1. Enumerate the residues in region B:5-44 having an amide nitrogen under 17 Å from the point lying 7 Å beyond the Cα of B:Asp154 toward its Cβ.
2. Efficiency by 1/(1 + (r/R0)^6): what FRET value for A:Asp49 and B:Asn117, r their Cβ-Cβ distance, R0 = 41 Å, to the nearest 0.05?
3. Average partner chain C-beta neighbours within 10 Å, per residue of B:81-89?
4. If I model a spin label at B:Asp89 and B:Lys28 as a point 7 Å from the Cα along the Cα→Cβ vector, what separation in nanometres do I get?
5. Net charge within 14 Å of B:Val13 by Cβ-Cβ distance, Lys/Arg positive one each and Asp/Glu negative one each, not counting B:Val13 itself?
6. How would you classify chain A from its alpha-carbon gyration tensor, with a ≥ b ≥ c the square roots of the eigenvalues: rounded for a/c under 1.5, else prolate if a/b is greater than b/c, otherwise oblate?
7. What is the sum of charges, Lys and Arg at +1 and Asp and Glu at -1, for the other residues whose Cβ falls under 12 Å from the Cβ of B:Ser90?
8. Over region A:92-178, what is the relative contact order in whole percent, taking alpha-carbon pairs under 8 Å and six or more residues apart?
Amino acid sequence: MQEIELKILDINVRQMTRRLKKLGAKQTQRALFKAESFDFPDRSLQHRDSYLRIRQEGKGTVLTFKGRRTKSKYFQQRTELECTVSDYQTMKKILLKLGMRLDMHHEKKRTSFVLGGVHFDMDEYPTIPPFVEIEGSQGAIKGVLARLGYTLKQTTKMTADQVLLGYGKNPRNQRFKK
Amino acid sequence: MKEIELKILNISVPVVTKRLLALGAKKKGTQLVIAEHFDFSDKRIHASNQILRLRKVGKKSEFCFKGKAQKSRYYKIVEEIETEVASLDSMRRILLKLGLNVRSYLEKKRTSFVLGNLKIEIDKYPDIPAYLEIEGPQKEIASLLPKIGYTLQDTNSMGADKVLKSYGVNSRKQIFR
């Protein structure tokens, strides 16, 4: 599947929630997400601008492969392959047995909304201000941006890693304090 | 998890089934099992006697890594790491993206029984006679054998791959017509 998305950084979650609800968006989840990504020792995935991750999404576990980003001025576009798996630790063990190595560990709180085929994920990482990720077709994303009062110039196509780096934070390790 | 098992080749399915049922084994049904084994292009998984397998058992999809078998005279003892996945096709696509290739495609019909702590299976591949696979604690396997008319000498610890090879049939492709 092709994933098309962009982000608006430094949002106020409560304010954004209010605006989304006003537009008729439906909340689909609020959960703790824990993700680990893996690569081969020669970093062959990273060299192909790809990555593999296992993510605990609330109660479910998903294995995801993301391919190379395609050129776009405003949008992050890439192949995304996902498979729900029954057990996080078992999948992790198999990946390690295949010679893959743990590359990063991310924790965040995600609050998700859906509005007319567009998905909104408000992500709160431990060390940076929250941002919202908007995913859908380019046309639909542009449409909701305007309704939310934003322009494309106020968005970014950076990955979460790049956002963390932009704030001078460690993209390899993001954990909430116990 | 450690998997301990052995096989008895070339069995008579009705005879073994009758004996198992007489001992109180519970028949759990027959399912079509479709297994694909994957390897990197340098074949390092196979070369180190390991297996990476994606398998459809009835409606369930399982993803499994099996380590190299430990030395044992009669039993096949391997580390087995297995998780269920929601979609065989998505998982296969991810594996291909990681640089893995499909090494073999094997279909079989599997009839499963449970007796105590033993999992007993009658496997029928298209091109070879049915065989029996008994999995569980060594002692229970050993004590079951005479009750169904066999001794440890009648068993072997080969993997399905080797069994197929021993019959001289294609060990990388087994398809029901």
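1. Within reach of a label on B:Asp154: B:6-25.
2. The computed FRET efficiency comes out at 0.25.
3. Per-residue shielding by partner chains comes out at 6.
4. My value for the distance between the label points is 2.8 nm.
5. Within the 14 Å Cβ shell, the charges total +4.
6. Prolate, since a/c reaches 1.5 and a/b exceeds b/c.
7. 0
8. About 30 percent, as a whole number.
Each reported figure results from applying straightforward, stated rules to the coordinates on display, with no laboratory input. Note that the structure is predicted; figures quoted are calculated from it, not measured. For neighbour counting, all protein chains shown are included, and Cβ atoms are generated from backbone atoms with ideal geometry for every residue, glycine included.
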